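Nothing in this text is a laboratory measurement; each read-out follows from the coordinates by a stated rule. The model shown is predicted, which means the values in this text are computed figures rather than measured ones. Quick reminder, even Gly has a Cβ in these numbers, built from the backbone with ideal geometry, and neighbours come from all protein chains shown.
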Amino acid sequence: MSTTAKGSKPLLSIKGLKAMAGDLEILKGIDLQVKAGEVHAIMGPNGSGKSTLANVLAGRPDYTVTGGQVLFEGQDILKLEPEIRARMGVFLAFQYPLELPGVRAWQFLKAGVDAKRVHNGEEEMSAREFDQMLKAKVAEVQIDPDLVKRAVNEGFSGGEKKRNEVLQMAVLEPKLALLDETDSGLDIDALRIVSDGVNMLRSSENAIILVTHYQRILNYISPNFVHVLYDGRIVQSGGPELAHELEEKGYDWIKDVVDAAV
Amino acid sequence: MTTPKVISRNATSSELDSEYKWGFTMDIESDLSPKGLSEDIVRLISAKKKEPEWLLEWRLKAYRHWLKLKQQAPTWANVEHPPIDYQDIYYYAAPKSDAPKSLDEVDPEILAAFDKLGIPLQERERLAGVAVDAVVDSASVATTYKETLEKHGIIFCPISEAVQSHPDLVQKYLGSVVPFGDNFYATLNSAVFSDGSFVYIPKGVRCPIELMTYFRINQADSGQFERTLIIAEESSYVSYLEGCTAPARKTHQLHAAVVELVALNDSEIKYSTLQNWFPGDKDGNGGVYNFVTKRGLARKNAKISWTQVETGSAITWKYPSVILDGDNSVGEFYSVALVNNHQQADTGTKMIHKGKNTHSTIVAKGISAGEGNATYRGLVKILPSAAGAKNFTQCDSLLVGDKCGAHTVPYIEVKNPTAQLEHEASTSKVSDDQLFYCQQRGMSVEDAHFMIINGFCRGIFQELPFEFAMEASQLLKVSLEGAVG
């Protein structure tokens with residue numbers, strides 16, 4: 001089924017991943033292989049665990065991992081602090097980006113860029129170099145240049161917040177981008193701009209895991225693979241056609257398939 | 001005017017590991033009076049300074065008034081401390097050598113200490129444009145830039161020197177804004193004040209450089225009672241900065257200062273403070289009791305602006321105030337008060353509107369970490385004469401951790417129906433989600449806290465001269481050590 005060259009090592013390898021939120025088991029054994037250059041869409045009904053999966057990979061402290069393994073470039077990252085994973089190249093575009101009153105967006109970004117560079121044994125970026133790079137990225141993802149002078153997400157509209165996430169992704173150049181329902185709450189124009197940004201950042205060097213409830217965004221960002229998550233497990237995997245099938249038949253169809261299998 | 005460089009202290013990450021990096025002591029000989037307070041001590045202080053008779057009389061009046069107040073130290077503030085034994089304090093401690101004529105004559109130990117502090121005393125700082133009056137314990141040790149200032153007719157010197165060289169000015173204005181009987185600590189200060197800064201800006205002069213005084217308590221068990229008097233004549237302008245440190249001592253030290261600002265018609269005084277007195281150790285032992293009275297009088301069209309960043313002291317009790325006396329006068333108060341470990345701060349301002357169309361702005365940011373307790377206490381008073389007065393007040397509290405406290409106590413008295421007052425207040429916590437958001441972009445938990453807290457203070461730091469703002473930001477970082485991460 002894989003469309004990429006056989007033998008190339010996976011960027012991300014998830015085996016039997018289980019995780020809980022409080023007393024509730026949400027991920028019940030996830031297996032997934034992602035190679036550089038691939039876009040994987042994770043779809044599923046509400047409560048299936050798809051956002052949890054993205055957040056557990058990023059190391060959100062609200063969840064407890066109870067089993068399994070996650071290798072990122074061959075290294076087990078489950079014990080690493082979220083900031084270490086981030087510096088290694090794991091990026092989470094938040095479903096609900098946080099407001100940081102008084103913290104200028106460019107300062108926030110520069111702190112992220114510098115943390116990553118220092119982690120890689122490089123010098124912090126000079127103010128001038130950063131300024132030029134940021135200007136270029138702002139133009140690339142078509143974001144209002146004033147947004148980076150304002151406080152992070154403070155008073156931003158829903159669409160602006162999501163675009164700001166894409167800008168952060170562009171600036172931080174992750175190897176693995178986890179987009180957590182980036183399409184939620186966007187009107188069609190904003191969806192197009194956000195999708196254009198993501199497509200521009202897509203390359204043979206990085207991979208994207210796109211978590212979404214709706215097939216809509218897949219009209220703009222075409223995935224190599226689509227996985228259907230249901231009750232904490234991946235119950236179906238396929239190509240882009242699977243998303244269309246879901247769109248036509250609805251999630252009840254998946255429920256029926258799973259229930260029939262039991 | 002080039003942007004003056006104020007302090008060149010470099011807080012590197014390795015320095016940040018130290019608990020209180022300004023906590024070294026200087027090994028210099030001190031000229032100490034006996035412990036305790038009496039009429040004889042007041043006379044001794046006055047005699048040491050060769051003061052004129054009127055000043056001695058003023059001190060004695062204050063001392064006698066203080067005796068009457070002795071059992072009435074204010075108890076309304078939201079702070080707790082054991083009773084202070086005023087007979088167990090040195091009231092006069094000056095470095096022993098006589099006043100130096102130039103930097104070459106300054107005790108090398110003192111210079112080395114200032115080096116550690118990063119105070120710009122040396123010639124190189126001439127380029128940077130700061131005149132520094134450094135007060136160790138009670139006496140002024142060095143004043144730079146005198147000549148530059150003299151060209152403009154600006155007087156910037158120790159107040160003890162001003163008493164000798166400009167007695168008329170001192171006599172006219174000393175106690176004119178904070179009278180000797182004003183409050184318990186101000187009265188004590190009036191009786192025993194030892195030194196401090198004196199600034200006089202002549203009519204129409206815009207002071208070309210930032211003036212700065214650096215205060216430091218060195219002697220153990222000594223009190224510091226400095227007195228600062230700033231007079232801005234009509235249509236003049238001055239920006240004045242003060243920095244404060246004290247060595248780490250096991251016992252508490254008392255600091256009871258008085259600052260008086262006189263802003264005559266159409267003048268402007270901008271007064272910035274970085275207060276970093278020793279806050280005590282992690283368990284609340286030692287630290288400075290910072291009981292300070294600061295007040296400015298603004299005449300017609302005058303403006304007084306207080307900006308303070310309070311990170312030090314075991315206890316801070318301080319309400320820099322403005323009497324908006326003249327029509328159209330403006331008062332501002334911008335404050336960041338941070339408490340960590342067992343620190344307590346009860347601080348705020350008083351804006352007393354007398355003149356017509358007077359405007360005041362209060363922006364107070366309190367940060368509580370560890371087991372610290374921060375209280376904003378403020379008074380906005382609109383007198384019947386203050387038609388068209390306006391006030392805007394914003395009090396924000398930020399909590400770090402779950403053992404700290406934040407309190408807001410605003411008093412509002414309005415006696416004129418045309419006044420307009422606005423009050424906004426908020427209390428927030430650094431949320432786990434905000435921290436995770438920062439971490440997900442590569443920042444450590446500690447850096448994330450620091451960034452969020454800096455953002456919270458941004459509006460205040462913007463009011464500070466640039467280099468001072470950098471310094472303030474570093475101070476916050478050092479002061480938050482151990483509270484986060």
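With the convex hull drawn over the C-alpha atoms of region A:138-179, the volume per residue is 73 Å³.
Note on A:D146 and A:E73: with the Förster distance fixed at 30 Å, the Cβ-Cβ geometry gives a FRET efficiency of about 0.20. In this calculation the C-beta distance from B:A387 to A:A127 is compared with R0 = 45 Å, giving a FRET efficiency of 0.35. Restricting attention to chain A, close to 55% of DSSP beta bridges with both partner residues there are antiparallel. Calculated translational diffusion coefficient of region A:127-262 (4 °C, 1.567 mPa s; Stokes-Einstein with Kirkwood radius over alpha-carbon pairs) equals 78 µm²/s. The mean of 1/r over all pairs of different alpha-carbon atoms in region A:55-135, once inverted, gives a Kirkwood hydrodynamic radius of 14.6 Å. The modelled label-to-label distance for the pair A:S8/A:I188, using points 7 Å beyond Cα in the direction of Cβ, is 3.5 nm.
For each pair in B:K303/B:K429; A:K149/B:K294; A:K110/A:K161; A:K149/B:K429; B:K68/B:K303; B:K35/B:K282, compute the distance between the two Cα atoms and list the pairs where it is over 26 Å. Where the Cα-Cα span goes over 26 Å, the pairs concerned are B:K303/B:K429; A:K149/B:K294; B:K68/B:K303; B:K35/B:K282.
Length, then width, then depth: along the principal axes, the Cα atoms of chain A run 60, 41, 39 Å. Dimensions of region B:279-370 based on its C-alpha atoms, expressed as ranges along the principal axes with the largest first, amount to 49, 19, 13 Å.
Test of understanding: given chain A, find the longest segment containing no trypsin sites (Lys or Arg not before Pro) that are in a DSSP loop and have at most 14 other Cβ atoms within 10 Å. Of all site-free stretches, the longest is A:150-262. The mean sequence distance of close C-alpha pairs (under 8 Å, at least 6 residues apart), as a share of the length of chain A, puts its relative contact order at 26 percent.
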